Amino acid sequence: MPVRSPVSESASLNPQQAITQIAELRSVHSAFHYLHNQEMEFRRWQMELAEIAAPPFGESARAEWLRQRFLNLGLFRVHTDELGNVFGLLDEPEEGPLVGMSAHVDTVFPQGTPLGAREEGNKLHGPGISDNAAGVVAMLAVASALRTAGVRPAANIVFIGNVGEEGEGDLRGMRHIFSDPRWSSAIRSLLVIDGAGHDTYVTHALGSKRFEVTFHGPGGHSWSDFGTPNPIVLLSRALASFSQAEVPESPRTTFNIGVIQGGTSVNSIPESASARVDLRSASMAELQKLEQRLREAVSAAAASGPVDKKVSVDIQTIGSRPAAMLPADARILQVIRAVDAHLGIKSVARLASTDANIPLSLEREAITIGSGGDGGGAHTLREWFDCTQRDLGLKRILLAVLALTGVQE
Ligand SMILES: [Zn+2]
């Protein structure tokens with residue numbers, strides 16, 4: 001095993017030069033061929049994976065499938081952590097910085113959702129087939145290509161199948177990884193593979209905060225206890241006032257009241273009423289302002305009822321994702337743009353909430369890109385993935401990761 005320098009020769013070149021040099025290597029050519037020729041195998045993996053249920057907080061069967069694949073590929077230090085995140089290193093572990101590649105294994109579909117995946121020409125259908133079976137398969141395909149073709153990156157790569165990206169998962173998998181000093185100090189940049197496509201990259205992490213607001217009162221009979229404060233009325237006042245909030249178009253900031261509950265019967269004064277509220281913004285400061293606005297509306301409504309009867313209100317945080325932005329001079333951004341120029345891809349920067357929110361909020365370099373192919377119907381039972389030209393997206397990922405690690409001749 002030759003001694004690795006943490007930063008290889010090609011990593012010190014400008015990204016365009018580094019990519020041209022990397023793409024000319026014989027081993028990289030052979031990895032490209034592998035990515036092209038193994039398409040049928042990738043489809044089999046994708047169909048198999050999509051049929052394993054992975055609801056939020058129930059990802060263990062899918063994580064186990066991935067752990068087996070990592071072992072079959074001969075990755076090093078293959079293991080699952082206490083949350084269910086799966087790790088495998090491309091090469092024998094040694095000290096030094098790592099480049100990370102991750103794909104979330106969870107889906108939005110609750111346990112019991114019929115997951116039958118089916119193939120129709122180049123198109124695969126099934127819940128989760130694109131988001132994120134395609135991402136996990138792309139990560140495996142790239143790991144497999146690097147191993148098979150004998151490419152020797154100058155820095156080691158850690159492949160991660162993480163849990164908890166979707167919905168109430170609230171990025172718990174990635175949060176856990178970056179709260180572990182072993183990983184957070186070693187992973188100097190992270191490529192997140194999520195969903196289909198090859199012509200976008202996420203530079204801007206959309207922040208969100210989610211709350212459940214609950215008003216409580218003594219309750220009572222609609223006739224005999226008339227005058228007792230009514231939690232449904234108080235909640236309605238709070239929501240009506242909050243929904244007047246003015247939000248900027250730029251940085252884009254939005255809110256939604258998505259669920260409302262309360263009461264038991266038409267002739268009872270309810271004992272409680274609650275609503276779930278979703279706040280989003282590209283800016284952390286705007287997100288905080290909007291949260292403050294919600295809290296004020298809730299307090300004002302709570303104070304508006306008769307003062308002689310006991311009313312209480314609580315606001316529970318049920319989700320929190322930090323907003324953040326990749327600096328314009330980040331190497332990972334230059335790398336993606338240079339790879340896209342090299343491959344003739346016209347790509348655009350996007351704003352989204354992904355696993356990259358966590359490293360970005362810690363001022364680490366991270367970027368989210370697609371797994372190639374095309375997809376649609378994400379988060380619905382009609383989800384699909386079109387495998388046509390998937391290898392272009394896979395080459396993009398391979399070149400990007402190698403430009404980040406550098407390659408030994
Ligand atoms: Zn996803």
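The values are calculated or read from the model by the stated rules, or taken from the named source; none is laboratory data. All values reported here derive from a predicted model rather than from experimental measurement. Cβ: placed from backbone, ideal geometry, glycine included. Neighbour counts: every protein chain shown. Protein only, heavy atoms only, side chains kept; ligands, DNA and RNA dropped before computing areas. Shrake-Rupley method; radii C 1.70, N 1.55, O 1.52, S 1.80 Å.
Counting other Cβ atoms within 10 Å, which GluC sites (Glu not before Pro) in the range 236-285 have at most 13 and lie in a DSSP loop?
Sites meeting the loop and neighbour criteria: GLU246, GLU249.
So what's the net charge close to ASN122: Lys and Arg +1, Asp and Glu -1, counting the other residues with Cβ under 10 Å from its Cβ? Present the calculation step by step, with values, prior to reporting the outcome.
Details: positive: ARG43, LYS123, ARG390; negative: GLU39, GLU119, GLU120, ASP374, ASP386.
Local net charge: -2.
Show me the trypsin sites (Lys or Arg not before Pro) within the range 357-409 that DSSP assigns to loop and that have at most 12 other Cβ atoms within 10 Å of their Cβ.
Values: sites: ARG364, ARG382, ARG390, LYS395, ARG396; in loops: ARG364, ARG382.
For trypsin sites (Lys or Arg not before Pro) across the range 357-409 that sit outside H, G, I, E and B with at most 12 neighbouring Cβ atoms in 10 Å, the list reads ARG382.
Order the peptides 82-88, 264-270 from the highest to the lowest mean number of other Cβ atoms within 10 Å of their residues.
Peptide ranking by packing, descending: 82-88, 264-270.
State the percent of C-alpha pairs, over all pairs in the chain, separated by a distance greater than 42 angstrom.
Details: 18566 of 83436 pairs.
Looking at the chain, the distances longer than 42 Å represent 22 percent of pairs.
Calculate the dipole size of the chain relative to its Cα centre from +1 charges on Lys and Arg beta carbons and -1 charges on Asp and Glu beta carbons; express the result in debye to the nearest 20. Write out the running numbers ahead of the final one.
Working: 37 positive and 46 negative charges, 66 e Å.
The calculated dipole for the chain is roughly 320 debye.
What is the distance in Å between the Cα centres of the range 191-217 and the range 25-57?
With the range 191-217 and the range 25-57 each reduced to a Cα centre, they are spaced 26 Å.
Of the heavy-atom accessible surface of the range 253-409 (probe 1.4 angstrom), what whole percent is carbon and sulfur?
Details: 3620 of 7230 Å².
Of the solvent-accessible surface of the range 253-409, carbon and sulfur hold 50 percent.
Would you please name the chymotrypsin sites (Phe, Trp or Tyr not before Pro) within the range 185-293 that are DSSP coil residues with at most 14 other C-beta atoms within 10 Å of their C-beta? Please list the in-between numbers first.
On the way: sites: TYR201, PHE211, PHE215, TRP223, PHE226, PHE242, PHE255; in loops: TRP223, PHE226.
Here the chymotrypsin sites (Phe, Trp or Tyr not before Pro) that fit, given the DSSP loop and packing criteria, are TRP223, PHE226.
Under the √(5λ) rule applied to the eigenvalues of the Cα gyration tensor, what semi-axes describe the equivalent ellipsoid of the range 300-361? Give them in Å, descending. Display every interim value, and only then the final one.
Details: eigenvalues 477, 25, 16 Å².
In descending order, the three semi-axes are 49, 11, 9 Å.
Using 0.36 nm per residue, how much length does the chain from VAL266 to MET325 gain when fully extended, once their Cα-Cα distance is taken away? Let's see the in-between values first.
Working: separation 59, 0.36 × 59 = 21.24 nm, distance 4.92 nm.
Extra length from VAL266 to MET325 when fully extended: 16.3 nm.
If you stretched the chain out fully between HIS29 and THR148, how much longer would it get, using 0.36 nm times the residue separation minus the C-alpha to C-alpha distance? Don't skip to the answer; put the middle values down first.
Numbers: separation 119, 0.36 × 119 = 42.84 nm, distance 1.17 nm.
This chain segment gains 41.7 nm when fully extended.
Kyte-Doolittle cut-off -0.5, length cut-off 27 Å along the helix's own axis using Cα: show which whole DSSP H helices in the chain pass. Could you put the intermediate results ahead of the total?
Details: long enough: 284-304 (30 Å, -0.18).
Qualifying helices: 284-304.
How much accessible area per residue does the chain have, in Å², with a 1.4 Å probe?
Working: 17740 Å² over 409 residues.
With the other protein chains kept in place, the chain gives 43 Å² per residue.
Pulled fully out, how much extra length does the chain show between ARG77 and ALA341, if you take 0.36 nm times their separation in residues and subtract their Cα-Cα distance? Display every interim value, and only then the final one.
Values: separation 264, 0.36 × 264 = 95.04 nm, distance 3.51 nm.
Length gained, ARG77 through ALA341: 91.5 nm.
Tell me, what is the FRET efficiency for ARG182 and GLN389 to the nearest 0.05, using R0 = 45 angstrom and their Cβ-Cβ distance as r?
Numbers: r = 38 Å, r/R0 = 0.84.
Once the sixth-power term is evaluated, E becomes 0.75.
Calculate, for ASP278 and GLU409, the FRET efficiency according to 1/(1 + (r/R0)^6) with r their C-beta to C-beta distance and R0 41 Å; round to the nearest 0.05.
On the way: r = 51 Å, r/R0 = 1.25.
Efficiency for this residue pair is about 0.20.
Mind putting a number on the dipole of the range 64-130 about its Cα centre? Charges go on the C-beta only, +1 for Lys and Arg and -1 for Asp and Glu, and I need it in Debye to the nearest 20.
On the way: 5 positive and 10 negative charges, 81 e Å.
The dipole of the range 64-130 has a size of about 380 debye.
Toward the positive end of the charge dipole of the range 278-409, about the Cα centre and with charges on Cβ (Lys, Arg +1; Asp, Glu -1), which of ILE315, ALA300, GLN408 goes farthest?
With unit charges placed on the Cβ atoms, the residue in question is ALA300.
For ILE318 and GLU246, what is the calculated FRET efficiency with R₀ set at 22 Å and r taken between the beta-carbons, to the nearest 0.05?
0.35
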